[in-house]
1. Using a 1.4 angstrom probe on the protein heavy atoms only, line up A:Tyr78, A:Tyr56 by accessible area, largest first.
2. Note down the relative contact order for chain A as a percent, whole number, built from C-alpha pairs under 8 angstrom at least six residues apart.
3. Fully extended, how many nm does the chain gain between A:Glu41 and A:Asp224 (0.36 nm per residue separation, minus their Cα-Cα distance)?
4. What does the convex hull of the alpha-carbon atoms of the protein assembly as shown project to on average, in nm²?
5. So if I place +1 on the C-beta of Lys and Arg and -1 on the C-beta of Asp and Glu, and nothing else carries charge, what would the dipole magnitude of the range B:2-229 be about its Cα centre? I want it in debye, nearest 20.
6. Return the whole-Å distance between the Cα centroid of the range A:119-158 and the Cα centroid of the range B:36-98.
7. Run down the lysines and flag those whose C-alpha is under 17 Å from the C-alpha of B:Lys147, throwing out any fewer than 8 positions away in its chain.
8. Considering all projection directions equally, how large on average is the shadow of the alpha-carbon convex hull of the range B:51-188, in square nanometres?
Amino acid sequence: MRAFNAELSKLFSLPGIWLAFLIGAFAPAVITALDSIVQKEEIIAGVSTRLSEVGYIGLALGVQGVIILGVLAVSSEYLTESSESGGGAQITTSLTAVASRLHFLLAKAGAVTVISILLCIVAIMTTVSTTYLILGEYTPAFEWSRLIGAVCYWTFTALLALGITLLTKNGIIPLAVLMINSSVVSFSVLLYKVTKLALYLPDRAGLEMFMFTSDTPFTGSLFDRFHNPFTGGLIMFTWVVVIFIIAAIVFHRRDVAA
Amino acid sequence: MLTMNNLVKHRGNQEILSGISFRARPGRVTGFLGPNGAGKSSTLRILLGLDRATSGSALINGKTFAELHNPLATVGAALDGFGAHRMRTGRAHLRWIARAAGLSNSRVEEVLKIVGLTNAADKRVGKYSLGMGRRLGMAAALLGDPKILILDEPVNGLDPEGIRWIRTFLRERAQSGNTVLLSSHLMGELAETVDDVVIIKHGTIVADGTLEEVIGNHSTLEKAFFALTSEHAGEVV
């Protein structure tokens with residue numbers, strides 16, 4: 001519990017984290033606002049084909065905030081000080097304050113999980129409010145099960161970011177890859193052109209927890225439902241567990257000086 | 001009590017430590033001396049559980065570091081650099097460490113005062129001078145009021161006043177029964193601070209004893225050190 005408190009204290013005192021909070025809390029609302037404005041006429045006319053995605057699209061694309069959170073939680077430990085100051089890093093202090101590396105890691109993952117959940121709840125509030133503000137009475141009802149799915153998606157994404165950064169020790173590569181993947185070019189979309197296995201990648205499978213809810217049978221389009229929400233969540237969670245175990249083993253064996 | 005038992009460390013094909021054994025006893029300041037790259041930092045890192053020994057053991061009161069229940073209350077350490085994220089303030093840095101040890105924020109203010117950083121506590125660590133960073137490292141080591149202190153080059157970067165402060169402070173710690181192990185390559189400073197001396201060269205211990213024993217027939221610790229560690233030992237006196 002002490003290690004967990006320490007991790008929370010670390011995260012809240014890091015200026016970069018406020019950027020993660022800002023993006024996490026408002027990016028989904030902004031994306032939703034733009035999407036709703038574009039679709040408003042079709043929705044009012046009752047011809048929108050993407051009615052079920054209103055609002056959720058913001059939560060799917062606005063996951064960047066927790067990616068920054070997960071990456072920074074680890075990369076800040078390894079950020080090297082200037083050579084003038086001896087070139088140390090915070091990780092030495094962290095590991096002399098908490099004797100067990102596993103405890104340290106669980107505390108960090110716990111802190112990231114709690115903050116991700118809270119951040120996603122804030123994002124849901126801003127997103128739902130924005131949708132009501134723009135679409136008024138035409139706003140489709142938000143289902144609890146799908147909103148919980150979005151919270152899980154955010155949390156798992158943050159934990160994946162944390163696990164991957166633990167392996168790379170440096171935040172730049174995971175940050176670039178994960179942010180581009182979740183916004184501009186999705187790796188699973190590209191891979192899907194080659195193989196259907198892409199539907200089992202964590203981001204694509206995880207999205208099924210709250211996206212692609214149309215009941216039409218699977219036609220081969222990447223945007224059709226392939227897994228049910230529970231299976232999708234389970235697949236993503238398995239990815240999280242596997243990457244976390246690999247990262248924990250590597251971290252446990254690694255010399256801090258290496 | 002700190003006990004090193006036949007520590008061996010390989011990194012790649014290199015043997016960094018080749019079976020070193022020594023002790024640091026309570027009530028004494030033990031100086032760990034050696035040229036750069038001799039293996040001082042590696043030894044301290046293994047002792048603190050940061051690096052793994054290839055074989056042998058490094059024990060703190062008979063336990064490995066990983067077995068310590070509340071490490072900060074047992075052993076305080078200040079290694080190379082500041083050990084802090086440059087974007088955090090000094091006070092925020094000490095506060096998260098205090099959380100990890102279950103200590104209050106008032107303890108943070110106490111150690112800030114002890115090391116003389118109270119006025120700079122709200123500055124970001126990235127803006128600290130080398131001396132201030134070292135003081136911050138000392139503050140972190142002292143937070144849990146541990147009976148054992150492990151310091152890597154503690155006087156590096158300190159101004160004369162800081163060096164005198166460290167010297168007096170460490171002497172007082174030892175006199176009240178605590179164990180202090182410090183590494184350094186500054187002989188003059190060390191001779192006035194330590195009770196016991198361990199000298200390491202190329203990963204092997206070449207001298208281990210009280211200050212008087214190690215100085216032996218030489219006139220100063222510095223001369224003894226060079227006689228023991230010079231590549232042409234015996235020629236340079």
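The values are calculated or read from the model by the stated rules, or taken from the named source; none is laboratory data. Just so it is clear, the structure is predicted and the values come from calculations on it, not from any experiment. No Cβ is skipped: glycine too gets one built from the backbone with ideal geometry, and neighbour counts run over all protein chains shown. Heads up: the accessible areas ignore ligands, DNA and RNA and are worked out on the full protein's heavy atoms, side chains in. Shrake-Rupley method; radii C 1.70, N 1.55, O 1.52, S 1.80 Å.
1. A:Tyr78, A:Tyr56
2. Numbers: 340 pairs, mean separation 59.8, N = 258.
Relative contact order for chain A comes out at 23 percent.
3. Details: separation 183, 0.36 × 183 = 65.88 nm, distance 2.40 nm.
Working it through step by step, the gained length comes to 63.5 nm.
4. On the way: hull surface 105.7 nm².
If you wrap the Cα atoms of the protein assembly as shown in a convex hull and average its projections, you get 26.4 nm².
5. Working: 28 positive and 21 negative charges, 178 e Å.
So the dipole magnitude of the range B:2-229 works out to roughly 860 debye.
6. Going from one Cα centre to the other spans 44 Å.
7. The reachable lysines, counting only those whose Cα sits under 17 Å from B:Lys147, are B:Lys63.
8. Values: hull surface 36.3 nm².
Here the figure is 9.1 nm², rounded to one decimal.
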